[in-house]
1. So is HIS85 of a type outside the set (Gly, Ala, Ser), within 20 Å of the chain's Cα centre (by Cα) and more than 22 Å from TYR137 (Cα to Cα) or not?
2. Hey, can you tell me all the residues within the range 69-84 that are among the aliphatic types (A, V, I, L, M) and over 11 Å from PRO52 (Cα atoms)?
3. Tell me, which residue of the range 136-165 that is charged (D, E, K, R) and either in contact (Cβ under 8 Å) with a residue 12 or more places away in the chain or not in a helix (DSSP H, G or I) (or both) is nearest to ILE107 (Cα to Cα)?
4. Against the condition of a type in the set (Lys, Arg) and within 20 Å of the chain's Cα centre (by Cα), how does ARG120 come out, does it pass?
5. Which of the residues that make up the range 67-84 are out of contact with any His (no Cβ under 8 Å at 6 or more places or on another chain) and surrounded by 21 or more Cβ atoms within 10 Å (Cβ to Cβ)?
6. Return the residues of the range 85-119 that are surrounded by fewer than 23 Cβ atoms within 10 Å (Cβ to Cβ), within 18 Å of HIS55 (Cβ to Cβ) and hydroxyl-bearing (Ser, Thr, Tyr); say none if nothing qualifies.
7. Of the conditions (1) over 27 Å from GLU57 (Cβ atoms); (2) in contact with a Lys or Arg (Cβ under 7 Å, 6 or more places away or on another chain), PHE112 fails just one. Which one is it?
8. Just to be sure I understand, how many residues within the range 114-126 are among the acidic types (Asp, Glu) and assigned to a helix (DSSP H, G or I)?
Amino acid sequence: MTRKPNLIMLTGLAVWLAGCSTPPDRPDTPSTIRQTPRIVLEEQIAHRYESPQAHYELGKIFLSERQWSKAQFHFEVAIRFAPNHWPAKAALVRSLRDGGNRTAAQITADRFMKEAVDIRDLMYLGKAFQTEMLEEYALQCFEHGLRIAPNSAQVHRELGFYYLQKGDSIRAEEYLRRSFALNRYQPDVAHELGKMGVIIQAPRPRKETTPAPSTSTPGRTATPAPAGKKPAGGTDRIP
C-alpha cells in the first residue's frame, strides 16, 4: 500500500526537476537577433567598403534606432559611391528631418532636386520621398518637374497619382486627364480615369503607310509648260 504514494511522489519530483533544468530565456536574446543584420552588413562593408547598398541598409538600421549621426554617415557614403541611389538620398533627408534639423533637410532636398539630370531622375527621387513618408518633399519634386517640363505626361501622371493617394479626386482627375492627353499609351492612367467615370478613347493601332505608286513613265520626266500656257488636257499641273 505504501509503494503507490511513494511512486506518485517520485514521479512528481522528476517532473519538477525536469522543469527546473530548462534554462530560462536569456534577456539579451531579442537584442542579439536585432544585431544580427547589422553584424552581417558590417562584415560586408569591411570586405567591400564601396558597396552603396550595404551602407544604405546599415544606415536604415541606425535610422530605426534613432541614431541620426550614424545613419547620416552611411547614407552619405552610399550616395558618394552611387550618386543616383534615390532611396539613400530620401533616407538622408528623413534622418535630418527626424533628427530635428528641418533646415538642413530642406536644403539637402533642394540640392538633390537640382542635381537630377532629367525628369525621370526627378520622379524617382519623388517616389523615394514617398517611400520614406516625406510627402511634402515628394510634392516639391513633382511640382518642380512641372515647372521645368510642363508638357511631360510622366510629371502629370505622378501628380495625378499623388493626389489620388491623398483622396483629392478633383486634382487627381485634372492631372491624369492631362497626362492621358499627352500620352494615350498609359493603361494605368486609363484604368484610373475609367474608375472615375471619365469616358476616354483608346488609341488606335498604328498602321504602316505605303507610298502611292508613281504615275510617271519610267525614264521620262515631266516638262513644265511655258508660263501662261496650259498643258494638253486642259488641267493645271504643278511642276
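The values are calculated or read from the model by the stated rules, or taken from the named source; none is laboratory data. All figures in this text were calculated on a predicted structure; none of them were measured in a lab. Every residue, glycine as well, gets a Cβ built from its backbone with ideal geometry; the counts of neighbours run over all protein chains shown.
1. Values: of a type outside the set (Gly, Ala, Ser): yes; within 20 Å of the chain's Cα centre (by Cα): yes; more than 22 Å from TYR137 (Cα to Cα): no.
Judged against the criteria, HIS85 is not a match.
2. First, the residues of the range 69-84 that are among the aliphatic types (A, V, I, L, M): 71, 77-79, 82.
ALA71, the sole residue that qualifies.
3. Quick first cut of the range 136-165, residues charged (D, E, K, R) only: 136, 143, 147, 157-158.
Imposing the further condition that a residue be either in contact (Cβ under 8 Å) with a residue 12 or more places away in the chain or not in a helix (DSSP H, G or I) (or both) reduces the set to 143, 157-158.
Values: GLU143: 17, ARG157: 26, GLU158: 23 Å.
By that ranking, first place goes to GLU143.
4. Values: of a type in the set (Lys, Arg): yes; within 20 Å of the chain's Cα centre (by Cα): yes.
Yes.
5. Step one: list which residues in the range 67-84 are out of contact with any His (no Cβ under 8 Å at 6 or more places or on another chain), which gives 67-73, 76, 80, 82-84.
Once the filter is applied, which keeps residues that are out of contact with any His (no Cβ under 8 Å at 6 or more places or on another chain) and surrounded by 21 or more Cβ atoms within 10 Å (Cβ to Cβ), the range 67-84 yields ALA71, GLN72.
6. Within the range 85-119, THR108 is the sole residue that qualifies.
7. If we test PHE112 against (1) over 27 Å from GLU57 (Cβ atoms); (2) in contact with a Lys or Arg (Cβ under 7 Å, 6 or more places away or on another chain), just (1) comes out false.
8. Number satisfying all stated conditions: 2.
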